[in-house]
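Trainee: Pasting a structure below so you can have a look.
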Amino acid sequence: AQSVTQPDIHITVSEGASLELRCNYSYGATPYLFWYVQSPGQGLQLLLKYFSGDTLVQGIKGFEAEFKRSQSSFNLRKPSVHWSDAAEYFCAVGGTGRRALTFGSGTRLQVQP
Amino acid sequence: GAGVSQTPSNKVTEKGKYVELRCDPISGHTALYWYRQSLGQGPEFLIYFQGTGAADDSGLPNDRFFAVRPEGSVSTLKIQRTERGDSAVYLCASSRTDRVGETQYFGPGTRLLVL
């Protein structure tokens, strides 16, 4: 069965600091990997996705993520966090085996001034 | 262009009542998904349509939940005899598939509260 683990429930960083959110997945076939962001009371906005090819993918708002097959990881990074990045971040896995996405439980990001 | 829309944005009902939640997908998207997000959790899959038919309904928790997509566009999620445990945000997503893979785009959700 497919699963996603986001080990950090809550992270606090200072504005301007770098950020890394962790995501580990389990999937029986070739995974499609996604990061979504959710602000309070809002739906999910796609930040970036990985299907194949270059393992470092760039997304919106200055985010990037790196797919590491050997570690079953797809960590999200940003070199300099802005106060507006405060939100909940979800990692998800899907693919050709099962089209429905499986989500992690999320990481809530708080940004200190 | 217009994104996925969901109505109502909020719904309060009493235990035992029937509710319908509506989803309007992005024009041209053939696949449509329903997810449920409980407080403090990630979304959980309920059902997926390809066109008019339910291609995968393995996530529906029981037979009180039912969804339709009669013309392959708008979808309605129906919940009978609501229970307090059904309180959650119900998210709809539609998707497009390009030459490399499928991307799901989400609506703002319907927040259901069962009293």
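Trainee: If you go through segment A:46-85 one residue at a time, how many are surrounded by 14 or more Cβ atoms within 10 Å (Cβ to Cβ) and out of contact with any Lys or Arg (no Cβ under 9 Å at 6 or more places or on another chain)?
Mentor: Residues flagged as surrounded by 14 or more Cβ atoms within 10 Å (Cβ to Cβ) and out of contact with any Lys or Arg (no Cβ under 9 Å at 6 or more places or on another chain) within segment A:46-85 amount to 9.
Trainee: Answer yes or no: is there a residue in segment B:64-78 that is within 14 Å of chain A (Cβ to nearest Cβ), closer than 20 Å to B:Thr7 by Cα and hydrophobic (A, V, I, L, M, F, W, C).
Mentor: Within segment B:64-78, one or more residues are within 14 Å of chain A (Cβ to nearest Cβ), closer than 20 Å to B:Thr7 by Cα and hydrophobic (A, V, I, L, M, F, W, C).
Trainee: Return only the number of the condition from (1) surrounded by fewer than 18 Cβ atoms within 10 Å (Cβ to Cβ); (2) at pLDDT 95 or above that B:Leu91 does not satisfy.
Mentor: (1)
Trainee: May I pose another question? Any residue that is touching a Ser or Thr at 6+ places or on another chain (Cβ under 6 Å), part of a strand (DSSP E or B) and acidic (Asp, Glu) - is there at least one of those in segment B:18-32?
Mentor: yes
Trainee: Of the residues B:Ser58, B:Ser9, which is without any contact (Cβ under 8 Å) to a residue 40 or more places away in the chain and within 14 Å of chain A (Cβ to nearest Cβ)?
Mentor: After ruling out the rest, the residue left standing is B:Ser58.
Trainee: Could you check, for segment A:12-24, whether at least one of its residues is surrounded by fewer than 16 Cβ atoms within 10 Å (Cβ to Cβ) and within 14 Å of chain B (Cβ to nearest Cβ)?
Mentor: Looking through segment A:12-24, none of the residues is surrounded by fewer than 16 Cβ atoms within 10 Å (Cβ to Cβ) and within 14 Å of chain B (Cβ to nearest Cβ).
Trainee: For segment A:20-45, enumerate the residues that are closer than 24 Å to A:Thr96 by Cα and in a loop (DSSP other than H, G, I, E, B).
Mentor: Result: A:Arg22, A:Cys23, A:Tyr27, A:Gly28, A:Ala29, A:Thr30.
Trainee: Could you please tell me which pairs satisfy a Cβ distance under 8 Å, a separation of 6+ or placement on different chains, a first residue in segment A:80-109 that is within 18 Å of A:Val4 (Cβ to Cβ) and among the acidic types (Asp, Glu), and a second residue that is at pLDDT 95 or above and not in a strand (DSSP E or B)?
Mentor: A:Glu88/A:Gly106
Trainee: Being under 13 Å from the mean Cα position of the chain (by Cα) and either β-branched (Val, Ile, Thr) or more than 8 Å from chain B (Cβ to nearest Cβ) (or both) is the filter here, so list the residues in segment A:86-112 that pass it.
Mentor: A:Ala87, A:Glu88, A:Tyr89, A:Cys91, A:Val93, A:Thr102, A:Thr107, A:Arg108, A:Leu109 - these are the residues of segment A:86-112 that are under 13 Å from the mean Cα position of the chain (by Cα) and either β-branched (Val, Ile, Thr) or more than 8 Å from chain B (Cβ to nearest Cβ) (or both).
Trainee: Taking the options A:Leu56, A:Leu76, name whichever one is farther than 29 Å from B:Thr7 by Cα and free of Cβ contacts under 8 Å to residues at least 12 places away in the same chain.
Mentor: Testing whether each residue is farther than 29 Å from B:Thr7 by Cα and free of Cβ contacts under 8 Å to residues at least 12 places away in the same chain leaves just A:Leu56.
Trainee: Quick check on my filter: what residues within segment B:46-62 are assigned to a loop (DSSP other than H, G, I, E, B) and either at pLDDT 90 or above or surrounded by 16 or more Cβ atoms within 10 Å (Cβ to Cβ) (or both)?
Mentor: Listed by number, the residues that qualify are B:Thr52, B:Asp57, B:Ser58, B:Gly59, B:Leu60, B:Pro61, B:Asn62.
The values are calculated or read from the model by the stated rules, or taken from the named source; none is laboratory data. Because the structure is a prediction, the values reported are computed rather than measured. We place every Cβ from the backbone using ideal geometry, glycine too, and count neighbours over all the protein chains shown.
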